[in-house]
Structure formats: structure tokens, C-alpha cells
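Please treat every number below as a calculation from the coordinates, not as lab data. Not measured: the values here are computed from a predicted model. Heads up, the Cβs are rebuilt from the backbone with ideal geometry, glycines too, and the neighbour counts pull from every protein chain shown.
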Amino acid sequence: MKFKTGNIVFFNWGGFYSSLIERHNKKEYGQKGYTHIGIITKIKKNEVQIHEALSRGFVKSWYPKSFLEDKKKEGKVEIKEINKTLKLVEENADQYLGNSYAWKDIISIIISSIFGFRLLRLTGADKLICSEAVARILYDASNKKINFAEEYDKPYDLITPMDIYYSEQFDA
């Protein structure tokens, strides 16, 4: 597997919140799909740095390449490449480091999915969910050419991993 800065890593982890996101995915996309997402920002010989929003906030994590390759074989990880020029990916990602996790946004997505309406943006960029963070980083690193909020006509706070997975912006 070839790793490249700017590649998007889709994860399918277990757990309570993942199961809620899977329900949303099933309703929106007809499948459980991916429940977490990050962006590759640096590559070393045996490791890959991924910026991601976790329960403890927006962080950069190091993953062994072998771990990601094994999880890919198990169907729990997929890596996609954006076909647009990205600049200063790590620097654009670093601007969000330390931002809190946006629990309200997760709840908003679930409520929207259950009741069929969209809530207004709740947290903005000060608090992030994983897919919102990746969407914002790609927007910044692409000089505003990658815009998931415009593509899906919803605020960044409500962008999900599967929105990004199915985006037409991977093929353009």
C-alpha cells in the first residue's frame, strides 16, 4: 500500500458512537459504512501521521504502516486519494490541534437522521468531529477548491465520513 500526504483514511471502528453513526449511514447510504476519518499529514519509513478528531479532541497520531495495512485487509480501513493539488497539509491541519471534540455535532447528526430535519450549525471550527476536521483541512489545503459543505448543502459540522467517502471531489 502506498501512503501519501493528503490521503484520506476511513476507519470502521466499533463502539457506542460508531454504532449510532452506522445507523445514520445505513439510512443515508444503505450501508453501515465508515464511522471515523483522518488525513495523512506525514510519512516516515514505518509510520504514518494522521490528524484526526478523537474524543479527547483534535490530535495528530502515529500509526504503524503495518497496522493500517492489516486493518485494510480486514476491511476496517480504506485509504482514498484526493485528485486535486493540496498544499501545506500538515500546517493546515495543525491550526486545529487542541480543539475540543464536538459531541453536540454528533448528537445533531443523529437527531437529524432520526427526525429527518437539519439542525443549525452548533459548534463551528472551535469544536470538531472527525469528518468536519478533514473537510475543513481539505478546503484550506486546496485553496478552497474542495468544498464538501457546498457539495452537500450543509454546514461542515454535519459532514460525515460517508459524505466524504462518496464525494464527487475524489474523481474530479
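Figures for the structure shown
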item: Simple label model, 7 Å out from Cα along Cβ direction - residue 100 to residue 143, nm; result: 3.7
item: Relative contact order of region 8-167, pairs being alpha-carbon contacts under 8 Å that are 6 or more residues apart, as %; result: 24
item: Ellipsoid equivalent to region 8-167 - semi-axes via the Cα gyration tensor, in Å; result: 23, 19, 15
item: Region 51-74 and region 133-172: distance between their alpha carbon centers, rounded to Å; result: 20
item: Rough spin-label spacing in nm, given labels placed 7 Å along Cα→Cβ, for residue 31 and residue 13; result: 2.2
item: Potential lengthening between residue 169 and residue 88 on full extension [0.36 nm per residue; Cα-Cα distance subtracted]; result: 27.3 nm
